[in-house]
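Student: Have a look at the structure that comes next, please.
Just so you know, all these numbers are worked out from the coordinates, no wet-lab data involved. What you are looking at is a predicted structure, and each value in this text was computed from that prediction instead of being measured. Quick reminder, even Gly has a Cβ in these numbers, built from the backbone with ideal geometry, and neighbours come from all protein chains shown.
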Amino acid sequence: MGKDTHIIRNSSCYGLKDVKNDSIDALITDPPYGISFQNNHWDKNLPDSQIWKDTLSVLKPGGFGLVFTSIKLMHRIMVHLEDSGLMIKDVLFWSFLNGMPKSRNLAIDIDKELGAESQMAGVYQYVQGYKKGGANSYKSAGIKFRYEPTSKLGQRFKGAGLSLKPAYEPIIMIQKPLEDGLSVAQNMIKYGTGALNIEESRIPYEKGESKVGHNPHPKGRVPSNIIRTQKFEDGYDKFFLVPKVRQGKDKFNHHPTLKPVELMEHLVKLVSFGEQTILDPFMGSGSTGVAATNCNRKFIGYELDKGYFDIANTRLKEGLTTNRTTTNKRKNKWQRKEMH
Ligand SMILES: C[S@@+](CC[C@H](N)C(=O)[O-])C[C@H]1O[C@@H](n2cnc3c(N)ncnc32)[C@H](O)[C@@H]1O
């Protein structure tokens, strides 16, 4: 690989073809969660540990990584990461208020089971994520009826459900061990890796914030392991704040698990320093790559699906600095290369 490039491949990441051992400064990736999200075939299984072994080989000693995951299967992916030789350093919580509860009304199921007819009690005004049905149906108008249980048992279990409203996504922070026998400083001198970039990822103080400890840093607070999407009314915000991307907001980028560029930029700054190289083996529509180039880092990405690869290619090639097609074209100083 030449100097000053970003390289993206429309192929499986397994083997990390053409990436040299000990050449990557940081990993940032949002792999399949293994939960068949919205029935997407690529999300059916968790990646197996081979890709994390490949990652260990290409990361420089002391290099950090961030791996998005799901609440239900984070334990498995953590075991895979650890068994591959990577160290678990932290778990960041990306918390939000607009998660969609997937619970169901068990009381109505009980009515059905007992042959009782539940009573229609009105309609839901706005049903987020409710898919409209065929023409001439209530569903076509996006209307969903609300029912009350009528059987005795149904009434006893009124309101019983199966799950909580999801309000965070975990992001596992990993690190490749330092080179044997080196201190952190010695490792940093030799490889440029081994530490987090706290300086560049500090959270600026709010305007008017009067007192922040005894020695406030001019650039703000040390970033915490909580990242939020909304501001809570609890005084000054002490966390990095970034909203979720609304699905379907942009026809050009329809990736179902699109991550906000601002979030990825914060993560890029946290685990790497200027002009270093970031790897994303599961780049999807390329949000990590856009963030990396926005922050003057180099990028290497893999994506199996041609459609998503093409979106990533367009975003990187045209220097789009956000998730959208329309705004902020960047003058990209890095030379570009696509490979199939
Ligand atoms: C969760 S998505 C990443 C979305 C991305 N963060 C974005 O903002 O667009 C994971 C991606 O991994 C891709 N993928 C799955 N298996 C792969 C493999 N073996 N090699 C490369 N990409 C793969 C899927 O096609 C999917 O687009």
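Student: Sort 106-112, 291-297 by packing, meaning the average of other beta carbons within 10 Å per residue, with the highest value first.
Tutor: Output ranking for 106-112, 291-297: 291-297, 106-112.
Student: Taking neighbour counts of Cβ atoms within 10 Å as a proxy for exposure, in what order, fewest first, do THR288, THR314 appear?
Tutor: THR314, THR288
Student: Rounded to a whole number, what is D in µm²/s for the stretch 1-122 from Stokes-Einstein with the Kirkwood radius over alpha-carbon pairs (10 °C, 1.306 mPa s)?
Tutor: 89 µm²/s
Student: Take the alpha carbon atoms of the stretch 34-82, find their center, do the same for the stretch 164-210, and report the distance between the two centers in whole angstrom.
Tutor: Distance between centres, Cα-based: 19 Å.
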